[in-house]
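Right, one structure below, let's go through it.
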Amino acid sequence: MLKPNARIEVYTDGQCPLCRWSRAKVEPFDRNGRIEWLDFNEPSSLARAAPHTFAEMAAEMHVRRADGSWSKGYFSWLDVLRVLPRWRWLSSVLAVWPFKSLGPVFYGWLASRRYTLFGVPPPCDASGVCSLHQPKK
């Protein structure tokens, strides 16, 4: 269990409007500076995220906890809530059934459509190749 006074690293897609919006909504509640936000598109942040790859990071949000362990997707949001004093109670609610089962499904659906739903084309991958320019399969 994540300690309430722990510091976490949150790896998100800095090119994603939904990710930036979510961060902007959460940051004011982090009055004790327990969340370090990192954009995995930046080479230095991606290097810190090793052994995770660009593709893994692009698929869903990741959190490195204070003890060095990782969470991803829906469970990363639970870790974010756990370090926010006013929202900690919500992490306990969202960590039980049915939320624990349905939350990851909804998160996966939203994460895979975050560019389509918000009208922004997907970014290029680490090699510089944009999916818009790749041949259709």
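The values are calculated or read from the model by the stated rules, or taken from the named source; none is laboratory data. Predicted model only: the values in this text are computed from it and were never measured. Counting neighbours? That spans all protein chains shown, and the Cβs are built from the backbone with ideal geometry, glycine included.
Here are the numbers for this structure:
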read-out: Among (1) touching a helix residue (DSSP H, G or I) at 6+ places or on another chain (Cβ under 7 Å); (2) not in a loop (DSSP other than H, G, I, E, B), the one test that R86 misses; value: (2)
read-out: So L84, is it more than 17 Å from D13 (Cα to Cα), loosely packed, with under 15 Cβ neighbours inside 10 Å and modelled with pLDDT under 95; value: no
read-out: Residue list for region 95-115, filter: of a type in the set (F, W, Y) and either touching a residue at least 24 places away in the same chain (Cβ under 8 Å) or touching a strand residue (DSSP E or B) at 6+ places or on another chain (Cβ under 8 Å) (or both); value: F106, Y107, Y115
read-out: Criterion violated by R82 - all others in (1) within 19 Å of K25 (Cα to Cα); (2) free of Cβ contacts under 8 Å to residues at least 60 places away in the same chain; (3) basic (K, R) satisfied; value: (2)
read-out: Residue match in region 45-63 (condition: of a type in the set (D, E, K, R), touching an Asp or Glu at 6+ places or on another chain (Cβ under 8 Å) and buried (at least 19 other Cβ atoms within 10 Å of the Cβ)); value: no
read-out: Entirely in region 1-67, the helices (runs of 4 or more DSSP H) that have 2 or more residues that are under 22 Å from R82 (Cβ atoms) and touching a residue at least 40 places away in the same chain (Cβ under 8 Å); value: 17-26
